[in-house]
Structures are given as C-alpha cells and as structure tokens.
Ligand SMILES: [Zn+2]
C-alpha cells in the first residue's frame, strides 16, 4: 500500500554525533568495513569490502611467552605433518631442491621432512621450547628462536629460493608488513608456499582457535588470492583441503550439543580467547590445574569418544557432504614472485589503525 508523503526524505537530516573510527583493512588498506560481524572480549570482527578478508580490531599479537604457555605440549612433541606441508611436498608445480626458509617453523617436523626431501633448510620460530625440540629431536642446525624482523636484522644477506609459512599468516596483526618481510628473504623468481585456516570450511559452532589473540585474520581463497597477487605474486596452486572423515565426525558431533562435557568437567571449556588479557603466569597456573584435574581429563576423553561414535555416520555422509561443497580446515597456496615489477599495493601505507605498536 502506497502511503502519501513517505516517499520523500525528511527535510531535516540530523548527523549523528558519534565518533567515527576509520578502520582500514590490514591487507588492502581499503576503509569502511561493515560490522562488526562478531565480538570477542574487546575486539570486533570486520569484513573488508575490497578484498574479502575478515580481520579483528583491535588486535595485537601476544609475545613468545603467551604461545609457550598456551601451546605447550604441542611444541615439544613430534607431530605428524599438517595437510599444508603435505600439499607442498606433493605439489608437482613446487620446486624440489634449493634453499628453503620456514617462518614459524614450530618444532621442526616440516623442516626435517623438507631436508629429507632434498632442501637445504633454515627456520625460525618465537617459541623457545619448540626451537630446542627441533634442534635436539631432528638434529636441525639452522633453527633459531626469532621473529621475522629480528631474523632479517641478524641475517641481512640471507636469500632463499623458497619461503614457507604454514598456519602463520592468520596470527599476524599486520599481514602486509609480514609479507613484505617474508618477501625480503626471497630470491628473484622465488617461491612462497603457505597455508591458513580456510574461512569457507565447514564449521559447526565456534572454532576456539580462531579468535584473538590467537588468530587475528580469517582468509578465504578469494582474500588470499587478492592479497598475494596485489603483492607481486603469481598464484601457481591454490588448494582447499577436502573434508575428511575425521573432521566430518567432529562437526557432526558438534551438531549434537548435549552439555555433557561441560557438566563432567564442572565448568565451561576454556578457549584461547579467554587467555587474551591474562598474565602468562596465570595462564600457566590454569593449564597446570586443568592438566591435573581428573574431571577435565574425563571430559576430554568423553568428547573424543563422542566424536569417534560419529565416525560411521561421517563415513556414510562424506560423499554427500563433499558434493555439497563442504571443505576441510586447510587452505594451501603456492606462489611465484613475478619477474616484472610488482604493482604497488594501493593505500597500504595506512594499515588498520592500531592502538599498539606494529
Ligand atoms: Zn581488504
């Protein structure tokens, strides 16, 4: 029904006197994202209208001691290679020899595999425990406790044929600065291989790892392609991990929320975002308490059993879920530096406004 008078703009337009914070995308520099899409503690999740990146603001990377406190157990244990590592080592378009630098090399499992495959390997990683493990367990010599700018300063002449960073980019508060530094290690026409969590994966409920201060950006295949091509790379391979039976079982288990695990544990499970503002010694105390709490141990085992019970259902549903386009966690990408001068990234001189130093 048409109502007379309602099709005209009001004659008096009041400008809201609210403070305007001009947020800029940390990847492409474009201002004006909508949002926030989601909140976590003090931070909001914003979506860039220019390049498809989602990023948290305000967001700050924690120091090495935070990772050492929260990731412990993972940094001193031989872990199987992750899908991104395997995609690279099996990639027919990837180089098979040469000098390789792995940024955020963790406890060295990939570096050891790359060395055994024929590469001359170097890596660095902020977590001291992980570096010690890489040296002692795999006999890796060129592994350092360091961060990108520090390593660059201490090794000013080092150039590599391949620079890799698996599950690292999403931890960066300034992805542009990180990629600039990574590129500074790269030979002309060199390769970059990386992986990030795929934002377009099948996810039921929240992924507790995907919040600040742990992950500060969320990448889709489109966002990753936009970011890397604008920075002078050619995308050689881009691969979304297919959904696996195990992940399908975990997601199906997540659909059947019963509250059982929380009841057995006697508290809501802690997620990394809960550790955002906590002093590191408090995190350590909490982790110690959980490690020695039999109720927590039982709750974790129950969650594992529940997921395993879903395996037959997952096996049955997997072909259907894959046909529907449901993918796994990892997004892998192989890039080659273009020989021609890179197109200067537009507007990247002013990355996301930060309250803290970059
Ligand atoms: Zn953007």
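Values computed for the structure shown
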quantity: Sorted peptide list for 231-243, 85-97, criterion being average Cβ within 10 angstrom, highest first; calculated: 231-243, 85-97
quantity: Extension reserve of the residue 222-residue 90 stretch, reckoned as 0.36 nm per residue once the Cα distance is removed; calculated: 45.2 nm
quantity: Kirkwood hydrodynamic radius of region 130-207, Cα pairs, Å; calculated: 14.6
quantity: Translational diffusion coefficient (Stokes-Einstein; Kirkwood radius from C-alpha pairs) of region 170-212 at 37 °C, 0.692 mPa s, in µm²/s; calculated: 253
quantity: Anisotropy class of region 53-101 from Cα gyration tensor, a/c 1.5 cut; calculated: oblate
quantity: Residues residue 234 and residue 39, FRET efficiency given R0 of 25 Å [Cβ-Cβ distance, rounded to 0.05]; calculated: 0.10
quantity: Where labels lie 7 Å past Cα in the beta-carbon direction, separation of residue 158 and residue 282 in nm; calculated: 3.6
quantity: Label-point separation, residue 316 to residue 135 (7 Å along Cα→Cβ), nm; calculated: 5.4
quantity: Estimated FRET transfer efficiency (residue 187, residue 207; beta-carbon r; R0 35 Å; 0.05); calculated: 0.45
quantity: Packing-based order for 201-211, 173-183, 104-114, using average beta carbon neighbours within 10 Å, highest first; calculated: 104-114, 173-183, 201-211
quantity: Region 195-259 shape via C-alpha gyration tensor axes, a/c threshold 1.5; calculated: oblate
quantity: Segments 43-55, 304-316 sorted - mean Cβ within 10 Å per residue, highest first; calculated: 43-55, 304-316
quantity: Relative contact order [Cα under 8 Å, 6+ residues apart], region 107-201, whole percent; calculated: 24
quantity: Overall form of region 57-148 per C-alpha gyration tensor (a/c, 1.5; a/b vs b/c); calculated: prolate
quantity: Cα→Cβ-extended label distance, 7 Å offset, between residue 120 and residue 79, nm; calculated: 2.9
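No lab work stands behind these numbers, since they all come straight from the coordinates. In this text, all values refer to a predicted model and were calculated from it rather than measured experimentally. When we count neighbours, we look across all protein chains shown, and the Cβ atoms used for this are built from the backbone with ideal geometry, even at glycine.
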